[in-house]
Amino acid sequence: MPARGDNNIVEKTISALVLIGIGIYKSFQIKSQDDFMVAGRSVSMWFLVGTLVCTWVGSGTLFGSAGLSFRDGFSALWMSAGAWVGIVCVYFLAGRVRKIAEYTVPDILEKRYNATARILGTITIVIAYMSIAGYQFKGGGRLLNIITRTDPHNAATGLDPFVGAMITCGVVVLFTLLAGMVSIIAADLVNGLIITISVIIGVPLLLFGSDIGSWNFVTETLPNDHFTALGTHNAWWVIGIFFPTFFLLMGESSIYQKFFAAKDEATAKKAVIGMVIGVLFVEGMLCLLSIIGSAKHWSNPIFKTPDGGIDPSMSETVVLHIARFDLPEVAGALLMAAAVAIILSTANTFLMIPSTNITRDIYQRFINPQADQKTIITMQRVLIVVIALAAFLLATQFQTILAMAFTAYTMVGAGITPVLLASFLWKRVTPQGGVASMVASMIVTVGITVANAVMDQPLLEADYIIIPAIVSSLGCLIFVSLMTKPSPEEKYAPFMSAGQ
């Protein structure tokens, strides 16, 4: 009989091969830029719901939120709650966005502001999404380390996470290259079902089917602050972890690009309702699974630092540790398959979006406006490889996935969301105000991140980076817009009426 680790390796290999098979099949359907970038603008509601949920529930949830839940308990849900509120807000924009029917968010920025806004938006998205793609690779490396680990208490007995990250990067690139958005959306409905079923099964099996036995064990083992609204933190901490996900989701290019792929405005709006339900359920269950797991492993030395504290990096692997060592074999394999789906699906999307942005918003817009469909698709496929390599190198500069997530979320949330929302909601916003907003947020976010990397003590913890970034972004947006000449009606009219 094969060992359990061998079965999990087979599960990982089969999952990857199935996804690549879907990509090869779908690649024969790619005939145009519309097909590769926005799936021919023909995606139905259920496929759109699946891909929206899989896009959002990525390694930031599987590792970052899970680690936060392990360390802080239910107060970690403030991070997820930002996304839940953001999705509700997006509902009221979904129809408008689909009716605009562009390819990328920078398309919208140029249409409402100017070419400079398009370039700045592209730069912001590329940097942020390289970070997000990078920590999917990092997560894949951790996953492979746990799958191959022979001693549950010794991470060194598994595959080197760096090597695992390289393998993950290669699989993701191959899948994304094949058929673009078509292959991503085709796989995401299946991925969404796997993720949902795995958490429904995993939580009760861990709680009642292991040596935990009951919820009383969890409450008696963990500190009392794990079950309070703020944990050991204060309101500023809540603001710091709530608003990155809130602002990110409302400016998230992959969400909007998938709205562009919907077959009509009504489909886009209905899909948002399904996304709200799906994300709330999956993230809530993953948080609960992580808290139960933290009780089981509260004294496990693999999750501890030398001084006895909780190791932030290792705590981010709690869901995978549960799948590998704590659940019955079938349930564990299903949860591990869900982790594979989460990592690969999110990584695919976050390679696809920046490659689309550079191809559409730089190459096609400024360098080769007359490029034919074949040239555009070839250019994007080359960029997918280049961006993946850059993302892999970027991931080596961060210790935890959560720190990478907060930095990436802030880049988009403060740099893109205010100007994007103003496009649809504020007639008085001007091109100068939009450009000033993006420049200010980029300077603040990149400046603090670089300072944190080179200083012995961080200038500002990643948990709080959204606060100065969004204040500077909104301040410049409002002040500069009010100090400059209003835009003509033909500039803002399509955004005020679209989808209404």
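The values are calculated or read from the model by the stated rules, or taken from the named source; none is laboratory data. These figures come from a predicted structure and were not determined experimentally. Note that we place each Cβ from the backbone using ideal geometry, even for glycine, and neighbour counts take in every protein chain shown. For the accessible areas, the whole protein counts, side chains as well, though only heavy atoms, and no ligand, DNA or RNA atoms are used. Shrake-Rupley method; radii C 1.70, N 1.55, O 1.52, S 1.80 Å.
Restricting attention to segment 233-253 and to residues that are at pLDDT below 90 and polar (S, T, N, Q), the residue that is surrounded by the fewest Cβ atoms within 10 Å (Cβ to Cβ) turns out to be 253.
Out of 132, 125, one residue alone is under 20 Å from residue 423 (Cβ atoms), in contact (Cβ under 8 Å) with a residue 24 or more places away in the chain, out of contact with any Leu (no Cβ under 9 Å at 6 or more places or on another chain) and buried (at least 24 other Cβ atoms within 10 Å of the Cβ). It is 125. Do we find a residue being open to solvent by 40 Å² or more (accessible area, probe 1.4 Å), more than 30 Å from residue 404 (Cβ to Cβ) and part of a loop (DSSP other than H, G, I, E, B) anywhere in segment 468-483? No - not one qualifying residue is present in segment 468-483.
On inspection, residue 469 fails the criterion of being over 20 Å from residue 247 (Cβ atoms) and of a type in the set (Gly, Ala, Ser). Applying the set (1) modelled with pLDDT of 95 or more; (2) of a type in the set (S, T, N, Q); (3) under 16 Å from residue 413 (Cβ atoms) to residue 481 leaves exactly one unmet item: (3). For the residues 310, 353, 291, 342, the requirement of being β-branched (Val, Ile, Thr) and over 25 Å from residue 53 (Cα atoms) singles out 310. Do we have any residue at all in segment 132-153 that's more than 30 Å from residue 432 (Cα to Cα), outside any helix (DSSP H, G or I), out of contact with any His (no Cβ under 9 Å at 6 or more places or on another chain) and among the hydrophobic types (A, V, I, L, M, F, W, C)? Checked segment 132-153: no residue is more than 30 Å from residue 432 (Cα to Cα), outside any helix (DSSP H, G or I), out of contact with any His (no Cβ under 9 Å at 6 or more places or on another chain) and among the hydrophobic types (A, V, I, L, M, F, W, C). Contact annotation: residue pairs with Cβ atoms under 7 Å, 6 or more positions apart or on different chains, pairing a residue in segment 157-181 that is farther than 20 Å from residue 354 by Cα with a partner that is modelled with pLDDT under 90 and among the acidic types (Asp, Glu), are 157/151.
Scanning segment 20-73 for residues being assigned to a helix (DSSP H, G or I) and modelled with pLDDT of 55 or more gives a total of 28.
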